[in-house]
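Please treat every number below as a calculation from the coordinates, not as lab data. The structure displayed is predicted, hence computed values, not measured ones. When we count neighbours, we look across all protein chains shown, and the Cβ atoms used for this are built from the backbone with ideal geometry, even at glycine.
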There are 2 protein chains.
Amino acid sequence: MPEKRAEILDVAIALADERGLAAVSMRAVAERVGVTPMALYPYIGNKAALLDGMLGRLLGRLLLPAGEEAAGEPRPAASGEGPWPDRLTAIARSGRAMVIAHPWAAGLVFARPAVTPDSVRAVDLLYTALLDAGVPAPEVPRLERMLSTVVIGFAASEAGGRFGSEEDPRSYRGLLPSGVLPGHARLTASLDRRVDWDAEFEADLADLQVLITAIARRGAGPVPGPAGPGRQRG
Amino acid sequence: MPEKRAEILDVAIALADERGLAAVSMRAVAERVGVTPMALYPYIGNKAALLDGMLGRLLGRLLLPAGEEAAGEPRPAASGEGPWPDRLTAIARSGRAMVIAHPWAAGLVFARPAVTPDSVRAVDLLYTALLDAGVPAPEVPRLERMLSTVVIGFAASEAGGRFGSEEDPRSYRGLLPSGVLPGHARLTASLDRRVDWDAEFEADLADLQVLITAIARRGAGPVPGPAGPGRQRG
DNA sequence: ACCTGAACACCGTTCAAGT
DNA sequence: ACCTGAACACCGTTCAAGT
């Protein structure tokens, strides 16, 4: 990565952190770099490539082997050491921490193929953990996509507002008396509690480990389970 | 919903379907409606509210009780009849079909709280299905968020390109010889297959049903499982 | 009550020109 | 090799004015 390109991307990331993705314009980035908008193009290509580059740089930091110039960033994901549940948990927490630290990145992750060298390395860590858990090889890529979708989707929902804020528990109440929300009516006690998102994320991770263990178990035995397409032992 | 507002939103949706979300400008929508950009503001509010309104209108169509003026739209989600796995599957398929029919909607779902009347009704269908499956009440809202995150995230990944296209299986090969991708090296046979996304979605749904059943089982028994935070029977 | 027209402060990107 | 300046075709939104 040419040094100038890295500088431009870091300026753009800082701008997005401070004022949101909408504030990241070629003109605004150029001004912070101290240059004319047109001077960015040889290094960046265009606006879409600028956004790709910003995301790629975050992913690169995420995978640094602990304490390499990533000051102020969330701890990088552990590499291939330790029991598989610990490795899965570490990667998942790093991903969520990245999105919380840079909420604007959430929307970008879903929009670009995960095929940059850095994101492929992240995927590889998950592959290895799933294989070590005993998941049959033909099911590993699918399960990796499901896991990363949950982690990214959870963080994106938190950061983007889909999970809502403090005032929304009341928003469904107007629809209750008319009886159009029978499910909510059966849950009122549970719905009025404030949600601890850290705890919910950890509970989701625990449940996914339950699922992974179940899949590994049905893959190991000679008797196929009732669900899932044809598969074979890796 | 005032008739003019509905007309404006439908024009904006058609524009997004035809030319992408980036083509949806106040000016372009106004031109199609046959009016000056400023004439939209009393009905719409501003650009952000226009996007919210577009998404809300899609959600409304999704929940129509089968065959009410939703010509050319994906089949609406089944209401509260039938076994819970069928209901869950129907809602999940409807959500994915909506995103495939209107790919631009994927990015919006994560960015807005799911508290409009229509999205609350969709959530209620999932609550009811999970309760009928035997999931303890305190775990139902969390599980609903996990399920909808998987469905929306899967569809968003498909529509947005995160899952990649035909050519990307080759993209990791350059990194294999150097040994930085041990997980991929153990999976080459599985990674070279073309992916059937319909089948993968169905397999994910089947696995989520396995997980739901496991949670219902541990909630019913007096012996708590090793994973998950404190919980109580509904 | 509903809409228009001009204006303001922005965009991304091109092109030809400078050093 | 690297950067600038002017220009083009756009944005969302304001405000005062028209009917």
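Here the gap between B:R19 and B:M38, fully extended at 0.36 nm per residue and compared with their Cα-Cα distance, gives a gain of 4.6 nm. The peptide list A:97-108, B:26-37, put in order of mean Cβ contacts within 10 Å with the highest first, becomes A:97-108, B:26-37.
Which order do B:T188, B:T116 fall in if you start with the one that has the fewest other Cβ atoms within 10 Å? Please report the intermediate quantities before stating the final value.
Numbers: B:T188 13, B:T116 18.
Taking fewest neighbouring Cβ atoms as first place, the list is B:T188, B:T116.
Show log10 I(q)/I(0) for the stretch B:3-48 at q = 0.18, 0.28 Å⁻¹, two decimals, from a solvent-free Debye sum over equal Cα scatterers. Debye curve over Cα of the stretch B:3-48, log10 I(q)/I(0) at q = 0.18, 0.28 Å⁻¹: -0.44, -1.08. List residues of the stretch B:117-138, by number, whose backbone nitrogen lies under 17 Å from a label position 7 Å along Cα→C-beta of B:R5. Within reach of a label on B:R5, which here means backbone N under 17 Å from a point 7 Å along Cα→Cβ, the stretch B:117-138 contributes B:117-120. Each residue of the stretch A:37-53 was assigned a 3J(HN,Hα) from its phi angle through the Karplus expression (A = 6.51, B = -1.76, C = 1.60, θ = phi - 60°), giving x, 5, 5, 6, 4, x, 8, 10, x, 7, 4, 4, 5, 4, 5, 4, x Hz with x at Gly and Pro.
For the pair B:R27 and A:E31, a Förster radius of 25 Å applied to the C-beta separation gives a FRET efficiency near 0.40, rounded to the nearest 0.05. Peptide A:110-123 shows a mean partner chain C-beta count of 6 within 10 Å per residue C-beta. Per-residue Karplus couplings for the stretch B:84-94, computed as 6.51 cos²θ - 1.76 cosθ + 1.60 with θ equal to phi - 60°, are listed in order as 4, x, 5, 5, 4, 4, 5, 5, 4, 5, 4 Hz, Gly and Pro entered as x. Sorted fewest first by neighbouring Cβ atoms within 10 angstrom, A:F163, A:F154 come out as A:F163, A:F154.
So for B:E202, B:E144, fewest C-beta neighbours within 10 Å to most, what's the order? Don't jump to the answer; show the numbers that get you there.
Working: B:E202 17, B:E144 22.
Neighbour counts put them in this order, fewest first: B:E202, B:E144.
Phi-derived couplings, Karplus 6.51 cos²θ - 1.76 cosθ + 1.60 at θ = phi - 60°, listed residue by residue for the stretch A:10-27: 5, 4, 5, 5, 4, 4, 5, 4, 7, 10, x, 5, 5, 7, 7, 10, 4, 5 Hz, with x used for Gly and Pro. Geometric descriptor of the stretch B:116-165, per residue, is 86 Å³ (volume of the convex hull of the Cα atoms). Amide hydrogen proximity for A:R112: with H placed 1.01 Å from N in the peptide plane, the residues at 5 or more positions away or on another chain lying under 5 Å are B:R162. Peptide B:187-193 is shielded by partner chain Cβ atoms: per residue, an average of 5 of them sit within 10 Å of its Cβ.
Could you calculate the contour length gain from A:K47 to A:V180, that is, 0.36 nm times the residue separation minus the distance between their Cα atoms, to one decimal place in nm?
On the way: separation 133, 0.36 × 133 = 47.88 nm, distance 4.58 nm.
The A:K47-A:V180 span can extend by a further 43.3 nm.
Can you compute the FRET efficiency between A:R217 and B:D86 using 1/(1 + (r/R0)^6), with r the Cβ-Cβ distance and R0 = 25 Å? Round to the nearest 0.05. The formula returns an efficiency of 0.45 here.
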